[in-house]
Amino acid sequence: MNEPAGAGAEVAGEGEPGNGRYDASLRAYFHQSWLRVKTGQTGVLPVIGGLVILVIFFQFKNSLFLSNQNLSNLLTQASYIIVLGFAEIWVLLLGEIDLSVGYNAGIAGALMAYMSSSPYNLSWWVAVLIGLAASSVIGMLIGIIVIRLRLPSFVVSLAFLLGLTGVLLKITYLNGDAGSITISNSTLLDLVNGNLSPIAGVVLVVVSVVAVSVVTVLSDRRRRQSGSEVVPIAVSIAKVAGLAASGAILLYVCNSNRGVLAPVEGIPYAVPIFMGILVLWSFVLARTRFGRYVYAIGGNAEAARRAGVSLGRNKLWAFTLAGFTAGAAGILYTSRLGGATANIDNNLVLFAVASAVIGGVSLFGGRGKMVHALLGGLVIAVIYNGMGLIGLDAATQDIVIGFVLLAAVSVEALSRRQEARG
Amino acid sequence: MLLRLRGISKSFGAVQALRDVDLDVPAGQVTALVGDNGAGKSTLIKTVAGAWSPSSGEISWEDEHVTIRTPRDADALGIATVYQDLALCDNLDITQNMFLGHEPLRHRLLDENEMESRARKTLADLSVTTVRSVRQKVESLSGGQRQSVAVARAVMRDAKLVIMDEPTAALGVSQTAQVLALIRNLAGRGIAVLLISHNLNDVFEVADRVAVLYLGRLVHSGPLAETTRQGVVEAITTGVLGAAA
């Protein structure tokens, strides 16, 4: 009786295990989704809608926007913004904020560049690990101070933001090259600027889609067997199909030759890197006790404490992972620029919060997913890239991003109010 | 006797919040604890819940002398407290809230299926039929439903005594009826309920026994049938139980 009779044909029946009613029919699913939207739990809909509108707008203004070359470029541009968002989400979910992730990222990148060039010339992965370790420790330090001294994370991370600016300056002067360290290691340069071979790209996309399908089918079957609530088969199929379609588009865009002088083709390494982080962190958040406790603490810290959740330990881990992820973003950023400078893009500081919040992560804690930073980061990259293409200056771009952030926060605040009323 | 308090006193500095309180809480019955503001109701339940130790006095649990120093001690004995604020995470769903802090694992990962089926079973056992789905976020629940989730969480962890602090204070008529039915259901399952309430309508509808605190002293304790509403009101306001009708 639990076997699906076909998409949309299953109806929540009587006598199903556990005495529970579960609405597995497609109609019920959409009805409940609509109810959620009506009560303000809009999820990713606004940001996806915004993204589509932006893409249409820019393509209309400049037909180069959707060219293969520009889209590949946009993906690498978005990569570090997205990963910065992943970093910030760890602390936002707790109901905290870390203003220093941008500079923390800069530190990791600069250390990596420094360690991989003369006089040390360490191999690329050692340099990467050193960068990641440094940013993790910084994240952990912020966490310890916030937790032990019970200070607002806003102020602590602001102090770190200022302090790290100086530290970054010092690091970039270490090699006597007056404020810049050039990356000479080709692997490190390739992290963002290099591409998978077209065939490797195909293999990667196919393997990912197959893996996701298998996992979806298996977990769906287990849920049905144990009488848990399930989403309609059609929705699962649609999700997998959507993933496959995105993969196909990605391959179409990236695997065609976009070089002008010499052939350039393949998916940029940055894409599997940020997708890998996305999958890993989403998994940790959704499937482990630690992930559950991060949400619980952000939702109601006192309730979590009374339920026996250790606030200190879980918060410390989240801050540390934020630092670690910031380091990953910094490595991508530095690789893209081909080196580290003390004058890192000031916007880097704000991109972390902006990509998470534009994507739909709550500033008040407990609400949001890693995938939101992916969408938010894409929005930011699309706006900068598109406005650059249609010839708007940097100042205008910043003003527009400011408005977009404001709009995103307003949408969230308004929908929460709606929710409280509904 | 499930829980027996003898000569419990508690003072905070110069303030004596409880004086020499003797109270029995039998299994399978609803004991209502009533009294005016500041009479010591909260102090008394917090003593049982392990929020602090009494200054003097003895607690026995299932006829054995025990000391309850921390909430964890109370938890280990099977005493669950549902505070007025319910301590639920709005952003998590019913199942996640019911297992918070005690999630079963499978291959070191959260065992969602196990949690979901146990949550569903517990709610069904308690005849909580108003929730649409155990995967509903708590923020979308009504006050009565939230109360039910908080109680179900206590019951699921094999509580023998459930202490409820003003469970109907913020509820409308039908929601209140829902919660009172739930309380009767608990008692029917052999669980002792210690109910704190301002609302004598609720007390007289649901309780088996009533205990009245007045300025830190227990001025009356006994079966509800032996008192009248008027008598209880007098005890609450004057400290002397009015004559039974």
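Within region A:176-201, if we keep just the residues that are under 21 Å from A:Asn343 (Cβ atoms), more than 24 Å from the chain's Cα centre (by Cα) and among the hydrophobic types (A, V, I, L, M, F, W, C), the residue that is surrounded by the most Cβ atoms within 10 Å (Cβ to Cβ) turns out to be A:Ile181. When restricted to residues that are surrounded by 20 or more Cβ atoms within 10 Å (Cβ to Cβ) and not aliphatic (A, V, I, L, M), region B:1-28 contains 1. Applying the criterion of at least 3 residues that are touching a residue at least 24 places away in the same chain (Cβ under 8 Å), among the hydroxyl-bearing types (Ser, Thr, Tyr) and touching a helix residue (DSSP H, G or I) at 6+ places or on another chain (Cβ under 8 Å) to the helices (runs of 4 or more DSSP H) found wholly in region A:276-387 leaves A:311-337. Among the residues here, A:Phe364 qualifies as among the aromatic types (Phe, Trp, Tyr) and surrounded by fewer than 23 Cβ atoms within 10 Å (Cβ to Cβ).
Note on region B:213-239: residues that are in a strand (DSSP E or B) and over 29 Å from B:Ala14 (Cα atoms) amount to 2.
Out of curiosity, is B:Asn185 surrounded by fewer than 19 Cβ atoms within 10 Å (Cβ to Cβ), farther than 27 Å from B:Leu77 by Cα and either away from every other protein chain (no Cβ under 14 Å) or among the acidic types (Asp, Glu) (or both)? Outline the logic, then answer.
On the way: surrounded by fewer than 19 Cβ atoms within 10 Å (Cβ to Cβ): yes; farther than 27 Å from B:Leu77 by Cα: no; either away from every other protein chain (no Cβ under 14 Å) or among the acidic types (Asp, Glu) (or both): yes.
No: the conditions fail for B:Asn185.
In the set (1) in a loop (DSSP other than H, G, I, E, B); (2) of a type in the set (A, V, I, L, M, F, W, C); (3) in contact with an Asp or Glu (Cβ under 8 Å, 6 or more places away or on another chain), B:Val128 fails one condition alone, (3). Could we say that A:Gly259 is within 11 Å of chain B (Cβ to nearest Cβ), surrounded by fewer than 16 Cβ atoms within 10 Å (Cβ to Cβ) and outside any helix (DSSP H, G or I) here? No, not satisfied.
Can you pull out the helices (runs of 4 or more DSSP H) entirely within region B:19-101 that have at least 2 residues that are within 27 Å of B:Val232 (Cα to Cα)?
On the way: elements: B:41-49, B:71-77, B:94-98.
Answer list for region B:19-101: B:41-49.
Given (1) away from chain A (no Cβ under 12 Å); (2) among the basic types (Lys, Arg); (3) out of contact with any Gly (no Cβ under 9 Å at 6 or more places or on another chain), where does B:Arg69 come up short, assuming only one miss? All conditions are met except number (3).
Considering A:Gly227, A:Gly201, which residue is within 14 Å of another protein chain (Cβ to nearest Cβ) and in contact (Cβ under 8 Å) with a residue 24 or more places away in the chain? Selected residue: A:Gly227, the only one of A:Gly227, A:Gly201 that is within 14 Å of another protein chain (Cβ to nearest Cβ) and in contact (Cβ under 8 Å) with a residue 24 or more places away in the chain.
Within region A:102-122, the set of residues being among the polar types (S, T, N, Q) and touching a residue at least 40 places away in the same chain (Cβ under 8 Å) comprises A:Asn104, A:Ser116, A:Ser117, A:Ser118. All conditions in (1) within 14 Å of another protein chain (Cβ to nearest Cβ); (2) part of a strand (DSSP E or B); (3) of a type in the set (A, V, I, L, M) hold for B:Val134, with the sole exception of (2).
Readers should treat all values here as calculations from the given coordinates under stated rules, not as data from a laboratory. Everything numeric here is computed off the predicted structure, so don't read it as measured data. Cβ coordinates were reconstructed from backbone atoms using ideal geometry, including for glycine residues, and neighbour counts include every protein chain displayed.
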